[in-house]
1. Search the stretch 141-157 for residues being under 18 Å from Gly229 (Cα atoms) and among the charged types (D, E, K, R), and hand back the single one that is nearest to the chain's Cα centre (by Cα).
2. Applying the selection to the stretch 312-340, what residues are open to solvent by less than 20 Å² (accessible area, probe 1.4 Å) and in contact with a Ser or Thr (Cβ under 7 Å, 6 or more places away or on another chain)?
3. Looking at (1) touching a Phe, Trp or Tyr at 6+ places or on another chain (Cβ under 7 Å); (2) open to solvent by less than 20 Å² (accessible area, probe 1.4 Å); (3) within 19 Å of Pro413 (Cβ to Cβ), can you tell me which one Ser300 breaks?
4. Those residues that are open to solvent by less than 50 Å² (accessible area, probe 1.4 Å) and among the aliphatic types (A, V, I, L, M), I need them from the stretch 478-503; list them, please.
5. What's the number of the condition Ala309 fails, among (1) at pLDDT below 90; (2) assigned to a strand (DSSP E or B)?
6. Filter the stretch 430-445 down to residues that are among the hydroxyl-bearing types (Ser, Thr, Tyr) and in contact (Cβ under 8 Å) with a residue 24 or more places away in the chain and give me whichever is surrounded by the most Cβ atoms within 10 Å (Cβ to Cβ).
7. Taking the residues in the stretch 258-289 that are at pLDDT 90 or above and aliphatic (A, V, I, L, M) as candidates, determine which candidate is nearest to Lys349 (Cα to Cα).
8. Restricting the search to the stretch 122-159, which residues are touching a helix residue (DSSP H, G or I) at 6+ places or on another chain (Cβ under 7 Å), in a helix (DSSP H, G or I), free of Cβ contacts under 8 Å to residues at least 40 places away in the same chain and more than 22 Å from Ile95 (Cβ to Cβ)?
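The values are calculated or read from the model by the stated rules, or taken from the named source; none is laboratory data. Computed from a prediction, not measured in an experiment: that's the story for all the values here. Every residue, glycine as well, gets a Cβ built from its backbone with ideal geometry; the counts of neighbours run over all protein chains shown. Note: areas computed on protein heavy atoms with side chains; ligands, DNA, RNA excluded. Shrake-Rupley method; radii C 1.70, N 1.55, O 1.52, S 1.80 Å.
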Amino acid sequence: MFPLYYILRNVIETKFRFGISVVFPQQGNKAFVGSSASRKKYSLYTPFFFEGNNQASRLLSKKGFQNAGRLAPPPGEQDSFDYPWDKSSLKSMPIDLKQLKKLDAYASKVDVKDSIETLVNTLLQKAHGDLEKVRAIWIWICHHIEYSKAEKSYEPADVFRLRKSICAGYAALFQKMCSIAGIECKRLLGYSKGSSYKVGKDFKDTYHAWNAVYLDGRWHLLDSTWGSGSVDDTCSKFTFRYKEFYFLTHPALFINNHFPDDHKWQLLNPTLTLQQFGDNMQYRTKFYSLGLLAASPGTSVFETDNGKATVFIESCSPTFFQSTLNGVNDCCLTTLQRNGMKLEVYPQKRGTHCLNIYAKASRRENYSHVLEYSLKCGSVHKRICLPTVLIQPVGPSWHSEKKGILRALPCHPIIHTDDGRCVVTFTQSKNLDFFVTLDSDTSSVLDATRRRHIWKTCRGNQVELKIHLPHAGDFALSIWAKKISDPVSYDCALSYLVSCSNTFVRWPVFPKNFTNWEDGFELVAPLVGILPSSCMAQFKLKLPGVAEASVQCGEIHPLSLSQEGFWEGACHTSGVSKVIVRVSKNDDNIFWPLLEYKVESQQMSN
């Protein structure tokens, strides 16, 4: 923030010192400076107001007026200030950062305390050309000046001596150093979306100062205050954390959080209004440095549609995303896409909610805050209630494919089932080991029992999962996978939200399978793990490599192999409590259990 007190102090001091009349208009952040007969209009970023009395004397000197004739033209007088942007670069001019590494290392370590002039001369010993001069100055300020609201002076000499200042001091010192280096530089004032800004609020407490430099025939924007580091929420603790993003930032990106008083210094064509600036999304610096390109909605405040809100983010490469609503993530459904992500939000209460989105490029990194929305919810979507056990991201994506789950169906992350049954299919990569879980926040069914509501069938590398829900509700279906040769633990490769609102659904478990059940085996019937008593149960299974198969149901009932390759047969469940399917592989009359069915008691059947 730039203190109004110091703006007025400089203006008043200048007025009495040089006999110049100053008139503040009723509207806008403009001042009229000049004699009573002829007055010239200046924006508050004009150097006259911010250099102090000594600088003002130099500006009014003969040399100052002579140099003024050779100053770079303001944006409005350039032939074109429309900066093309193809989203491949964050800069307003081509820069090879690798070529600047040595200069950056040198400038960051320069330690001169004699004077600003000596400092600049020392920096320029390694800088060749205007771009490198600006770069060396930028790097030094970003690594040596600490933001401090306690230091009220923004005079370049004080900032240089104390190594502390507010944003106006950063901008003043930057302009002073550029002037010594022979670089045309402007100090700009305006509103910003900084640490004290809150989405949906006005900008009365967010006044800010930054710079523009003239390189290669056009103006470029930078903010050394934000490039140097960040402060906490109270602006009382500063942390040096260099941010490359704010050096010669493309105007199309700089306008996300900088709005100059003089609109032409947006360097945009057409320019934005303050209302548009306030409504537009506030993209954090990491949004672009992570390769993210755009977000929809593009406004910071939007409303739900029938209790649901949808956000899309476009990226140039696969990216991980995480989101929270009012600090928790149990209302957010994230689906990764090859070129971004889709986020579905289901607030469980009416009112205004804070939606934050985070991103990272790889699993080893920490998530960075990239977007913040103010979400207004007028009604609650009653059909969807996301379980807290649901693991994000949800649904098939490049992430699940990377984990070995290929061509998964359904494509949508939410599976709605009216009868409590659904099927998930996918192709598994070679040497993949996986297991499946079914979790719920509200189910009283034990975890081990819920797993028996999933039946896995493998045909080569093709996998089919049948899910019969134990009751109505919202369940998290998770597929955990790892390479067989990988010593690390399993990771969630794919998850779905399975939702059933039919309260009459009561599916029993699938039959219990033993370790002898192989992936190539297939169960056709019976799929229900609890058989009614006093009934004829029909069995049909495909068991490649099996020599004999039978059913133990009080007595042994052999199964016969059909021409289609299925082992088939039947038994009567009267007078037994369980039924076991057995197989022998070597004609050695040794049978091993494959499946176990429970039989309902006669009383339960009645």
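1. Checked the stretch 141-157; the qualifying residue nearest to the chain's Cα centre (by Cα) is Glu146.
2. Matches in the stretch 312-340: Phe321, Ser323, Cys332, Thr334, Thr335, Leu336, Gly340.
3. Of the numbered conditions (1) touching a Phe, Trp or Tyr at 6+ places or on another chain (Cβ under 7 Å); (2) open to solvent by less than 20 Å² (accessible area, probe 1.4 Å); (3) within 19 Å of Pro413 (Cβ to Cβ), the odd one out for Ser300 is (3).
4. Ile479, Ala481, Ala493, Leu494, Leu497, Val498 - these are the residues of the stretch 478-503 that are open to solvent by less than 50 Å² (accessible area, probe 1.4 Å) and among the aliphatic types (A, V, I, L, M).
5. For Ala309, the exception is condition (1).
6. Per the criteria, the residue is Ser440.
7. Filtering the stretch 258-289 for residues that are at pLDDT 90 or above and aliphatic (A, V, I, L, M), the one nearest to Lys349 (Cα to Cα) comes out as Leu274.
8. Within the stretch 122-159, just Val159 meets the criteria.
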